[in-house]
Amino acid sequence: MVGGGRGATVEHCVHAFDALHSHFRRAECPPPAFATDEEYPLFVTWNKRDGDGHAQLRGCIGSLRAQPVLAIKDYALSSALQDRRFPPIDEAEVPLLECTVSLLTDFEVARAWDDWELGRHGVWIDFVDPQGSARNATYLPDVPPEQGWSKHETIDSLVRKAGYHGAITNRLRGAIRLTRYQSTLSKLSYVEYTQICARSGAATR
């Protein structure tokens, strides 16, 4: 079933933490506490909280194509350990982590590069740069508001994220094929994760 459930839940985040803990402890990951017969495009994001409570992105990897929801385990590990923008998360960082699982829905091809709503839509751009290279990049719906970006700033940042370093002109923006989408998300801190484990009678996994 593709995207037919109730969206992202705390149980999805618990499974992501379980996957990371099991990796460090070289143990088998506990089975998930959610229905496994659904498929979604999905992303797993790890943020690290500093002493003042500010969030620092430590990894975010996912797929814009529908995946079995069980792929949360794989993306939890790849985003923690294989996001090339950051060094791999180490075990000492785990108590400072916050996990976000995003399940994506309602994909629509937009009429223009600015045909989307800040805070409501994620944006996925495809374009061919002046040198003939095909490029693409995406931001989840919560990224532009968190950064305080306008639509214009969001698109220009996406162009850079896609690896293009030349001049960003109106002609280039006009050639962008933009797909907008929505998401449900759930967030869970490590402290909340340990509390859930305690309530369930399980050790921190």
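When residues of the range 115-141 are filtered for being buried (at least 16 other Cβ atoms within 10 Å of the Cβ), in contact with a helix residue (DSSP H, G or I) (Cβ under 9 Å, 6 or more places away or on another chain) and not polar (S, T, N, Q), how many remain?
The total comes to 10.
If the requirement is being of a type in the set (D, E) and within 20 Å of K187 (Cα to Cα), which of these qualifies: D50, D37, D114?
D50
Restricting the search to the range 156-181, which residues are over 21 Å from P41 (Cα atoms), surrounded by 14 or more Cβ atoms within 10 Å (Cβ to Cβ) and touching a strand residue (DSSP E or B) at 6+ places or on another chain (Cβ under 8 Å)?
Selection gives S157, V159, Y164, L172, A175, I176.
Mind telling me which of the residues V128, V191, V159 ends up being within 25 Å of A19 (Cβ to Cβ) and either over 19 Å from the mean Cα position of the chain (by Cα) or not assigned by TED's automatic domain parsing to the domain that holds A33 (or both)?
V191
Residue-by-condition table, conditions (1) free of Cβ contacts under 8 Å to residues at least 12 places away in the same chain; (2) touching a strand residue (DSSP E or B) at 6+ places or on another chain (Cβ under 6 Å); (3) at positive phi; (4) buried (at least 20 other Cβ atoms within 10 Å of the Cβ):
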{"site": "G7", "(1), (2), (3), (4)": "no, yes, yes, no"}
{"site": "H15", "(1), (2), (3), (4)": "no, no, no, yes"}
{"site": "D18", "(1), (2), (3), (4)": "no, no, no, yes"}
{"site": "V44", "(1), (2), (3), (4)": "no, yes, no, yes"}
{"site": "K48", "(1), (2), (3), (4)": "no, yes, no, no"}
{"site": "H54", "(1), (2), (3), (4)": "yes, no, no, no"}
{"site": "A71", "(1), (2), (3), (4)": "no, no, no, no"}
{"site": "L81", "(1), (2), (3), (4)": "no, no, no, no"}
{"site": "F86", "(1), (2), (3), (4)": "no, yes, no, no"}
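What are the pairs, 6+ residues apart or on separate chains, where a residue within the range 105-117 that is more than 29 Å from E38 (Cα to Cα) and of a type in the set (D, E) has its Cβ under 8 Å from a residue that is modelled with pLDDT of 95 or more and in a strand (DSSP E or B)?
Qualifying pairs under 8 Å: D115/L178; D115/R180.
So Q147 passes all but one of these: (1) under 16 Å from the mean Cα position of the chain (by Cα); (2) under 27 Å from E11 (Cα atoms); (3) not β-branched (V, I, T). Which condition number does it fail?
(2)
The values are calculated or read from the model by the stated rules, or taken from the named source; none is laboratory data. Owing to the predicted nature of the structure, the values given are computational and were not obtained by experimental measurement. As a convention, Cβ positions derive from the backbone with ideal geometry for all residues, glycine included, and neighbour counts pool all protein chains shown.
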